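What follows is a single structure, written as structure tokens, with notes after it.
The values are calculated or read from the model by the stated rules, or taken from the named source; none is laboratory data. Everything numeric in this text was worked out from a predicted model, so none of it was measured. Cβ coordinates were reconstructed from backbone atoms using ideal geometry, including for glycine residues, and neighbour counts include every protein chain displayed.
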Amino acid sequence: MSATIQVRTQSRAYDVVIEPGAIDRLGEHVRAVAPHRQSLLVVDQSISGSHGATAAASLRRAAYDASAMSLEAAESSKVIDTVSRVHEAALRHGLERRSPFVALGGGIVGDVVGFAAATWLRGVPLVQCPTTLLAMVDASVGGKTGVNVAHPSGELRKNLVGAFWQPHRVVIDPLVLRTLPQREFVCGLAEAVKHALIAEPALLDEMERSIAAIERRDPQTLTNLIAANVRIKAAIVAADEREERDVRARLNLGHTFAHAFESQTALGLKHGEAVAIGLIAAMHVAQSIELISRTDLTRVAGLLAALGLPVSLPAPAEIARLMSAMRHDKKVQDGRIRLVLPGPIGQAHVRDDASPDAVEAALRAVGAA
Ligand SMILES: NC(=O)c1ccc[n+]([C@@H]2O[C@H](COP(=O)([O-])OP(=O)(O)OC[C@H]3O[C@@H](n4cnc5c(N)ncnc54)[C@H](O)[C@@H]3O)[C@@H](O)[C@H]2O)c1
Ligand SMILES: [Zn+2]
């Protein structure tokens with residue numbers, strides 16, 4: 001009941017190990033790629049007493065003089081000051097060039113600790129041990145690390161500072177998902193549906209068949225689901241590690257819409273929820289230029305809803321504001337909105353031929369006014 005997937009990028013090749021109970025053997029996994037006396041375990045503070053204690057014990061059994069610290073998993077803490085705290089702990093505990101950093105938490109901890117590892121002594125070994133479904137299927141694989149920057153207006157601009165720094169191993173234990181709040185759990189499923197739309201129609205079939213097993217977080221089902229997603233992400237990252245071509249950019253399917261929805265903080269959407277609605281909006285645009293059929297759209301909306309995700313906005317956000325947020329997203333060239341649009345299920349392409357009218361109509365279709 002386990003899977004190991006190799007990620008081969010130009011900068012590093014590494015294994016992603018998915019196995020129920022893997023966190024008990026975290027120390028062995030770290031030792032396999034970064035044998036040393038010292039290590040630094042950085043844990044999401046909300047799980048430091050539970051999964052954090054298991055991880056620390058495993059590192060000690062593997063003969064690490066395991067130093068540990070915890071971080072708050074909030075976007076407002078995903079900033080450079082927190083990276084400095086990790087560096088100060090590394091200095092205090094005497095971490096050296098070959099001492100590994102271990103990130104135990106969701107995407108926030110993974111992004112902060114990844115960036116800390118990329119920059120401490122110009123780069124040290126990193127093991128990602130993701131504890132949210134979103135981080136397991138998406139954030140922990142692929143080497144994007146970084147933090148937010150506060151604009152003088154007070155608004156946090158996401159992921160403006162960062163580095164590509166591939167981990168040396170990713171250790172995924174689907175059993176840690178037992179403690180994840182339901183709303184966070186389904187957020188990961190939105191990214192899984194995104195991966196299926198981009199690259200693998202069979203994954204969509206599989207998810208439709210296993211809704212009940214996913215809902216009860218069956219370890220075997222989750223192991224298979226996470227493995228399928230990691231394989232998709234690994235292939236994309238191997239082909240375009242630094243998003244220099246439009247290959248990796250396809251992972252932004254639904255995200256230009258999602259970022260606009262998230263920017264309207266009154267909507268109170270989590271990232272995965274915004275992505276679910278964003279996928280539907282992108283499908284509306286795609287349908288208007290006949291890239292997909294109405295049946296495809298109905299099918300995907302049905303799956304997202306069955307998984308417990310929203311498919312329309314919880315309140316009628318203003319179209320003008322959403323359009324302006326979309327224009328401010330990085331993906332605008334010469335005033336045209338560059339959007340990743342789904343083609344037939346299993347394909348997606350970066351395009352700039354969707355008219356602003358089609359985008360507005362899609363926003364209206366998901367409940368904007
Ligand atoms: N690097 C990448 O490629 C990449 C990709 C996607 C997202 N991200 C980033 O990831 C972040 C979001 O990550 P996330 O959704 O994992 O959120 P997160 O790290 O904020 O975790 C979500 C919540 O779950 C809690 N939590 C984590 N694991 C738990 C567990 N096992 N049991 C109980 N509670 C647990 C956390 O304390 C937090 O409250 C964003 O900052 C986003 O920018 C990065
Ligand atoms: Zn996302």
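Computed quantities for the displayed model
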read-out: Residue within the stretch 336-355 that is within 16 Å of ligand 2 (Cβ to nearest atom), within 29 Å of I108 (Cα to Cα) and of a type in the set (D, E, K, R) present; value: no
read-out: Residue among A281, A249, A258, A315 that alone is part of a helix (DSSP H, G or I) and away from ligand 2 (no atom under 14 Å from the Cβ); value: A281
read-out: Condition check for V275: within 13 Å of ligand 2 (Cβ to nearest atom) and touching a residue at least 40 places away in the same chain (Cβ under 8 Å); value: yes
read-out: Any hit, the stretch 181-195, residues being basic (K, R), surrounded by fewer than 23 Cβ atoms within 10 Å (Cβ to Cβ), away from ligand 2 (no atom under 16 Å from the Cβ) and at pLDDT 95 or above; value: no
read-out: Selected residue (only one of S70, S46, S84, S58 is more than 15 Å from ligand 1 (Cβ to nearest atom), under 25 Å from K158 (Cβ atoms) and not aliphatic (A, V, I, L, M)); value: S84
read-out: The stretch 198-240, residues that are within 16 Å of ligand 2 (Cβ to nearest atom) and either more than 25 Å from L291 (Cα to Cα) or under 16 Å from the mean Cα position of the chain (by Cα) (or both); value: I198, I226, N229, V230, I232, K233, I236, V237
read-out: When residues of the stretch 48-74 are limited to those that are in a strand (DSSP E or B) and without any contact (Cβ under 8 Å) to a residue 40 or more places away in the chain, the one surrounded by the most Cβ atoms within 10 Å (Cβ to Cβ); value: A66
read-out: Which listed residue, of V83, V102, is within 24 Å of R31 (Cβ to Cβ) and either surrounded by fewer than 18 Cβ atoms within 10 Å (Cβ to Cβ) or at pLDDT 95 or above (or both); value: V102
read-out: So G107, is it within 16 Å of ligand 2 (Cβ to nearest atom), more than 17 Å from R12 (Cα to Cα) and of a type in the set (G, A, S); value: yes
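The rows are residues; the columns are (1) surrounded by fewer than 19 Cβ atoms within 10 Å (Cβ to Cβ); (2) over 21 Å from the mean Cα position of the chain (by Cα).
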| residue | (1), (2) |
| --- | --- |
| E262 | no, no |
| L279 | no, no |
| H284 | no, yes |
| I292 | no, yes |
| T298 | yes, yes |
| G302 | yes, yes |
| A306 | yes, yes |
| L309 | no, no |
